[in-house]
Amino acid sequence: MDNYILVTGGAGYIGSHMTLALQAAGERPLVIDDLSAGLRSAVPDGVPLFAGSVGDAAFVGDIMDRYPIAAIIHFAASVVVPESVARPLDYYRNNTANARTLIDCAVQRKVPHLVFSSTAAVYGEPDRTPISEGQSTQPINPYGRSKLMVEWMLDDVARAHPLSYAALRYFNVAGADPDGRAGQSSPNATHLIKIAVQAALGKRDGLDVYGTDYPTADGSCVRDYVHVSDLVAAHIDALRYLRAGNPSVICNIGYANGYSVLDVIEVVKRVSGIDFDVRIKGRRPGDPAALVASNELAKSLLGWRPRHDDLETIVRHALAWERRLP
Ligand code: UFG
């Protein structure tokens, strides 16, 4: 396989795990990242890194002209739900408009396949869980809308042009590479497991729980936490699926296990053996009560086989990575 797999956002949290997985699968990754959240050091040696925006058509087109691209895995995006509520136009530019530019470049250069980082946030407040892909998509925050519009674009483009795609709707990605080669490095990360392990290690002063008045068993929000290594494995499976000539697909990537915010805190305290302050606060804007995936489609269609479906393992790996960070 001589051609490159273009990984946008490849210097970021998920993207850095992706390049390692691609190398392990015998592929040749190539990274575009604007380094707004990603780190140069997260890109493995020998992987070409181009610093810039996927919204810059001349920049992306020039790279595609110089490197034959077999497929694109598109991670580069803004991913914080409450931030999207406060700054919607940034999300519509970074996530929606920039994706349009990237897809346009892909179509012009006849790139045959694209794997897109979509999100459980497209479902909004689902009427039942576990959520299957056929359920209605009514996002309740700009983040989910900014991603759903890209799914729509891809659907139209795949009908009009020779491009097949897999849109993977990620549930809550967490954890770190089991071998300690990559992890969530952003000091400003806002995600629950990252915050909780930082609180356990004394890197922050405790943790705020955003709401205990939701219609869930303990009143805190329920999410389906998926190990980052299993998530990137799903992308390898999706690439194989598309290259075999299969039609475009939209798939959830989660474990079909829901844990509340309070459950997560309990597991982080237990696994770390460290107690920390927990303060109950009001709701955070844009949060749905419960998001839990049905993953039957990923398993049956893509052949996805999760290997780290265990919250303690996810927390252990997140803690191990956090301990190594300065
Ligand atoms: N939470 C807290 N305290 C914190 C951080 C988070 O109580 O300090 C709560 C949130 O309110 C929410 C839950 O923990 O109820 C999970 O929040 P995260 O910020 O970790 O993740 P989100 O569910 O908001 O969003 C994440 C990704 C999205 C993705 C979504 C899919 O950021 O990209 O999961 O479920 F779409």
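The values are calculated or read from the model by the stated rules, or taken from the named source; none is laboratory data. Please read all numbers here as calculations on a predicted model, not as lab measurements. We place every Cβ from the backbone using ideal geometry, glycine too, and count neighbours over all the protein chains shown. Just the protein is used for accessible areas: all its heavy atoms, side chains included, with ligands, DNA and RNA removed. Shrake-Rupley method; radii C 1.70, N 1.55, O 1.52, S 1.80 Å.
Apply the Karplus parameterisation 6.51 cos²θ - 1.76 cosθ + 1.60, with θ equal to phi minus 60°, to every residue of the range 188-195 and state each ³J(HN,Hα) to the nearest whole Hz, in sequence, with x for glycine and proline.
Once rounded to whole Hz, the list reads 9, 4, 10, 7, 3, 5, 4, 4.
Heavy atoms only, probe 1.4 angstrom, no DNA, RNA or ligands counted: give me S53, S41, S146 ranked by accessible area, highest first.
Listed by decreasing accessible area, they come as S41, S53, S146.
By how many degrees, 0 to 90 and rounded to 10, does the Cα axis of helix 228-243 deviate from the longest principal axis of the chain?
The angle comes out near 30 degrees.
Report the relative contact order of the chain, percent, no decimals, based on alpha-carbon pairs under 8 angstrom and at least 6 residues apart.
Relative contact order here is 19 percent.
Dividing the alpha-carbon radius of gyration of the range 176-326 by 2.2 N^0.38 Å (N being the number of residues), what value is obtained?
1.13
In terms of modelled amide H atoms, which long-range or inter-chain residues lie less than 5 Å from the amide H of I253?
Answer set, sorted by chain and number: R169, Y170, F171.
How would the range 145-190 be classified by its alpha-carbon gyration tensor: rounded, prolate or oblate, with rounded meaning a/c under 1.5 and the a/b versus b/c comparison settling the rest?
Verdict is prolate for the range 145-190.
Below 8 Å, C-alpha to C-alpha, sequence gap of six or more: please give me the relative contact order for the range 201-326 in percent.
It comes to 40 percent, rounded to a whole number.
How many percent of Cα pairs in the chain exceed 32 Å?
Details: 12279 of 52975 pairs.
Value for the chain (Cα pairs over 32 Å): 23 percent.
So what is the relative contact order of the range 105-189, in percent, for Cα pairs below 8 Å that sit 6 or more residues apart?
Details: 87 pairs, mean separation 31.7, N = 85.
Computed over the range 105-189, the figure is 37 percent.
Based on the mean of other Cβ atoms within 10 Å per residue, sort peptides 260-267, 186-193, 164-171 so the most packed one is first.
164-171, 260-267, 186-193
Of K110/K147; K147/K194; K203/K299, which ones are farther than 28 Å apart at the Cα?
With Cα atoms farther than 28 Å apart: K203/K299.
Which ³J(HN,Hα) values, rounded to whole Hz and listed in residue order, are derived for the range 137-145 from phi using the Karplus coefficients 6.51, -1.76 and 1.60 in 6.51 cos²θ - 1.76 cosθ + 1.60 with θ = phi - 60°, glycine and proline given as x?
Each residue of the range 137-145 in turn: 10, 9, x, 10, 9, x, 4, x, 5 Hz.
Over the range 142-277, with the other protein chains present, what is the accessible area per residue in square angstrom, probe 1.4 angstrom?
Values: 5170 Å² over 136 residues.
Solvent-accessible surface per residue comes out at 38 Å².
Please compute the Cα-Cα pair-distance distribution of the range 102-181 with 5 Å bins starting at 0, giving whole percents from short to long.
3, 13, 22, 19, 15, 13, 10, 5, 0
Carbon and sulfur together cover what percent of the accessible area of the chain at a 1.4 Å probe radius?
Here it works out to 49 percent.
As a test of the formula, what do you get for the chain when each DSSP H run with n ≥ 4 contributes -39,500 (n - 2.57) and the sum is divided by the residue count, at 222 nm and rounded to the nearest 500 deg cm²/dmol? Don't skip to the answer; put the middle values down first.
Working: 10 runs with 113 residues, N = 326.
Computed mean residue ellipticity for the chain: -10500 deg cm²/dmol.
Could you tell me what percent of the DSSP beta bridges with both partners in the chain are antiparallel, to the nearest 5?
Of all bridge pairs located within the chain, approximately 5 percent are antiparallel.
Compute, for R243, the solvent-accessible surface of its heavy atoms (probe 1.4 Å) with the complete set of protein chains present, and express it in square angstrom to the nearest 10.
Here the residue's solvent-accessible area equals roughly 90 Å².
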